[in-house]
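So the structure is just underneath, and the comments pick up after that.
The values are calculated or read from the model by the stated rules, or taken from the named source; none is laboratory data. These numbers were taken from a predicted model, which means no experiment stands behind them. Positions of Cβ are generated from backbone atoms using ideal geometry, with glycine treated the same way; all protein chains shown enter the neighbour counts.
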Amino acid sequence: MEFLRKTLITVAVLGAGAGVGFALLAIVTPGEQRKQEMLKEMPLQDPRSREEMAKTQQLLVATLQEAATTQENVAWRKNWMVSEGGAGGRSP
């Protein structure tokens, strides 16, 4: 009888804990409208940020392509955005 009593108390305590945890999760989880607002606020969701990121990636790819096709060490350039004529002076 004592075993059954302890088992029931244990189950009740664990159930209460799970219930409290679920209730807290339901309270802090944002609703669908808030989720949509949060997605809009995330970086790269607005067109200007996406365009800026695309431009940056294009410049990076162009720099890598130029570095692959030239003998100049582009890492020694003072201004990496300048093509061949504006080298920083050092070459391998």
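Against the condition among the aromatic types (F, W, Y) and surrounded by 10 or more Cβ atoms within 10 Å (Cβ to Cβ), how does F22 come out, does it pass?
yes
Test of understanding: among E52, E37, which residue is of a type in the set (D, E), assigned to a helix (DSSP H, G or I) and in the same structural domain as N79 (by TED's automatic domain parsing)?
After applying the criteria, what remains is E52.
Looking at (1) within 30 Å of the chain's Cα centre (by Cα); (2) modelled with pLDDT under 75; (3) not basic (K, R), can you tell me which one A54 breaks?
All conditions pass for A54, except number (2).
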